[in-house]
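The values are calculated or read from the model by the stated rules, or taken from the named source; none is laboratory data. Quick caveat: nothing in here was measured; it's all calculated off a predicted structure. Cβ placement follows ideal geometry from the backbone for every residue including glycine, while neighbour counts extend to all protein chains displayed.
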Amino acid sequence: MGAYLVNEALKHGIEVYYWRKGNYEVDFVMTKGQKIVAVEVKSGKRQTALPGLEMFKKEFNTYRVITVGSFGIAPAKFLETPLLEWFN
């Protein structure tokens with residue numbers, strides 16, 4: 001998923017990076033202009049808390065938060081959606 005995000009981001013002027021503060025982390029952070037989209041990828045069958053996303057939302061003016069996986073958007077749907085759509 002990371003390679004896809006980075007390749008697509010380059011085409012559209014989107015920056016992609018990883019965020020971590022102490023024990024809190026977000027898998028992918030995408031920025032375009034002033035808009036910030038945080039993406040957390042979860043696998044497994046058990047729904048878990050997402051403290052990294054919560055901390056990130058508190059610290060930054062996040063436009064959208066996306067969870068990909070069992071308890072969020074299906075990975076195939078996420079990958080089929082044009083990257084710019086997450087900023088609209």
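The figures follow:
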item	result
Matching residues in region 46-88 - criterion: being aliphatic (A, V, I, L, M) and at pLDDT 90 or above	L53, M55, V65, I66, V68, I73, A74, A76, L79, L83, L84
Filtered residues of region 40-55 (kept if of a type in the set (A, V, I, L, M) and either touching a residue at least 40 places away in the same chain (Cβ under 8 Å) or on the phi > 0 side of the Ramachandran plot (or both))	V41
Residue satisfying all of: in region 1-18; among the aliphatic types (A, V, I, L, M) and touching a residue at least 40 places away in the same chain (Cβ under 8 Å); surrounded by the fewest Cβ atoms within 10 Å (Cβ to Cβ) among these	M1
Filter result for the condition that a residue is surrounded by fewer than 16 Cβ atoms within 10 Å (Cβ to Cβ), of a type outside the set (S, T, Y) and touching a residue at least 12 places away in the same chain (Cβ under 8 Å), over K58, K21, K77, K32	K21
Residues satisfying the stated conditions in region 1-21, i.e. at pLDDT below 95 and farther than 14 Å from L84 by Cα	M1, G2, A3
